[in-house]
Amino acid sequence: MSPFMSQISCSAPGSGRSAPGTAASFPSKAMKPGARGTALGRQPTAAGSVNRKRRLGPGGGGGETPGPETPGRETPGRGTPGRETPGPETPGRGTPGRSSNRRVRQDGADQRQVPAAQGDIPPGPTSPAEPGMAPSDSDGFSTDDEFPLSFHRQSEGLSLYEKKRLKNIQENARFFASLNMQETAAKLREIGKRRQTKRPNASKRKKLQSSGVQPIVRRSMRLLRLDPTGTPLPEIPIEIQKESEERISGPVKMVQDDEDDSKETPHLMKIWLEMSQGEVHTKKKQPVELKTYKSTLHRMTMQEGFVAKVTPSRVGSLAFHPSPRNFLVAAGSTYGHIGLWDLSSQEGTVHQFKPHCNTINCLHFSPSNSAELLSLSNEGSIRCGNVAAAVFDEVYTSDTWATSSFDFLAEDGSTLIVSHWDGNVAVVDRRTPSTSGELDADLGVNHFRTVGVHPMHRQYFVAAGTRCAAIYDVRNLKASPKKAVASLGIHTKNVSSAYFSSLTGNKVVTTCMDDRIRIFDTSAIIPKIPVVASIIHNNCTGRWLTKFRAVWDPKRDDCFVVGSMARPRQIEVFHFTGSKVREFRDMEWLGSVCSINVMHPTRNVLVGGNSSGRLHVFTDGALSG
């Protein structure tokens, strides 16, 4: 055969080789390089090349001439194992007749493998890849040997891309099957159906029949009115806010509140008048050491019969008659009642009067005439109860209901300094027929609570108000503005009271709602008064208790008495250094908070008043002349 004819026979279809340089000798760009060696995806085996040579014969048929073998990449075929024999590889196409279940379509340079029949997608492989598989190609797709043999058998006729896609679909299906999503969805549908079911109406429900056994309800000891030891506490009536009464003008007869004519009232007036006559009762300093004073206080106890209800409502003020032989105590309460209790009488008779229509904040016996009892009320008036005239006469009246406290400017009690809630002060002279003040001044103190006069230098008075306590000079009240001559430290909350010490006035004790009792050194009136001691003390009394007021013992200049919120209930006595001197308590008779307390001027007698109108008396012996 001529060379020209051999060239034609080599390029003819069905021959085992393609002429070099023709389109059939190069794979299409659409085909994955390395994915298939030929259009059928398999390289001819060595045995196939030998058989072809035998058919054609040496140098004939196809025009082949033997020559050196061209080395090339060997790709394992998919034929039956054992069919391949080792030998040199010749480039070319395999025999088409070996693929009985596939058809080959050759279209120019593009040759694709198409499945012979479209059927269901077979399940993916479940076993790991077999050993000896080839690595992935340059495009990132794995070669055929990445899949196990069983997978190849089930997915014959698919391209590598389709096989990869089929494998991913099968893996995803197994993953979603492991999540049991269908079972979870079925459970959620059942839950939704349960919620949509209508509940029976409340009216159709069967009423539970009571078993007759009442359940045990736990209640606190406070609600049960028991102290921590289980002892019943005295009942405290709840104050009901009454409608404000009109202030009574002019004098009020000294008769008991519940009856017009009483046989007991003249007897009380007689005793009171006898106590006030005779020698003038003056304060006498007792130079007793603190140790002796402590032992005297420890001898003071509460005896049976020394607890009595003196006023019908909460006690707001107390005053002791200065007589050293007889003991008469006066108590002012809310709603304007004044109760008098003669502790010396064996009967223990209590007398109640009502000269005011609002809370009585302050009570004082006149320093020059103890037959006179002066009382100040929130209604804006001060009255003087004169036992000789058996009348409560007006001393001072204000246009507004704003009076809060008063004290005597003169030693004989002829002039007064009166404080108002709105920050004003008034100077009142009892010797004039007018009931108005001689001088009014605005100190700018908010919520002015108490006022106290210096016992030695009576031109000074201390004022307690909102977050402040200061000392003023009555001689500067006409000046403008009215500045304080001394400031008493810093108080973070309202100051309930501030008083000079009873004998020398060298100290001031303040009671503040920031749970502090402070003592100041006022031996020298300077702009900034230093603090001597600050005592931590629970002063939060609440709404239904009268605010605590620490007051000095009139017999001493270094100790004061104050109420307490501690349990068991008690009345406390402190030294000005901050140390506690005595706790007055009685488990049997004292079971409430005594907010207002007073000491007798010359005898060892202590009286405390609570919010129910009861007075509790501590003494070191029999109360008799």
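What the table shows:
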read-out	value
Identity of the residue in region 452-467, in a loop (DSSP other than H, G, I, E, B) and more than 43 Å from the chain's Cα centre (by Cα), that ends up nearest to Pro554 (Cα to Cα)	Pro455
Sole exception among (1) farther than 23 Å from Cys540 by Cβ; (2) touching a residue at least 40 places away in the same chain (Cβ under 8 Å) for Ala470, by number	(2)
Of residues in region 504-551 being of a type in the set (Gly, Ala, Ser) and within 15 Å of Phe574 (Cβ to Cβ), the one most open to solvent (accessible area, probe 1.4 Å)	Ser534
Any pair with Cβ under 6 angstrom, 6 or more apart, that starts in region 558-585 at a residue that is more than 15 Å from Val598 (Cα to Cα) and ends at one that is of a type in the set (D, E, K, R) and in a strand (DSSP E or B)	Phe576/Lys507
Residue satisfying condition, being of a type in the set (Phe, Trp, Tyr), farther than 26 Å from Thr231 by Cα and assigned to a strand (DSSP E or B), within set Phe618, Phe560	Phe560
Residue ID - farthest from Asp514 (Cα to Cα), chosen from residues in region 460-473 that are in contact with a Lys or Arg (Cβ under 8 Å, 6 or more places away or on another chain) and open to solvent by less than 50 Å² (accessible area, probe 1.4 Å)	Tyr472
Which numbered condition Val581 fails, given (1) open to solvent by 30 Å² or more (accessible area, probe 1.4 Å); (2) out of contact with any Pro (no Cβ under 9 Å at 6 or more places or on another chain); (3) modelled with pLDDT of 95 or more	(1)
Every residue from region 383-438 that is among the β-branched types (Val, Ile, Thr) and more than 28 Å from Lys547 (Cβ to Cβ)	Val387, Val391, Thr432, Thr435
Hey, Asn172 open to solvent by 60 Å² or more (accessible area, probe 1.4 Å), polar (S, T, N, Q), over 40 Å from the mean Cα position of the chain (by Cα) and modelled with pLDDT of 80 or more or not	yes
In region 428-451, the residues that are of a type in the set (A, V, I, L, M, F, W, C), more than 14 Å from Leu376 (Cα to Cα) and either part of a strand (DSSP E or B) or modelled with pLDDT of 90 or more (or both)	Leu439, Ala441, Leu443, Phe448
Residues located in region 327-364, provided they are within 20 Å of Leu273 (Cβ to Cβ) and touching an Asp or Glu at 6+ places or on another chain (Cβ under 7 Å)	Leu328, Thr349, His351, Gln352, Phe353
Residues of region 514-541 classified as small (Gly, Ala, Ser) and not in a loop (DSSP other than H, G, I, E, B), total	2
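The values are calculated or read from the model by the stated rules, or taken from the named source; none is laboratory data. Note that this is a predicted model, so its numbers are computed, not measured. Here Cβ is always computed from backbone atoms with ideal geometry, including for glycine, and neighbour counts include all displayed protein chains. For the accessible areas, the whole protein counts, side chains as well, though only heavy atoms, and no ligand, DNA or RNA atoms are used. Shrake-Rupley method; radii C 1.70, N 1.55, O 1.52, S 1.80 Å.
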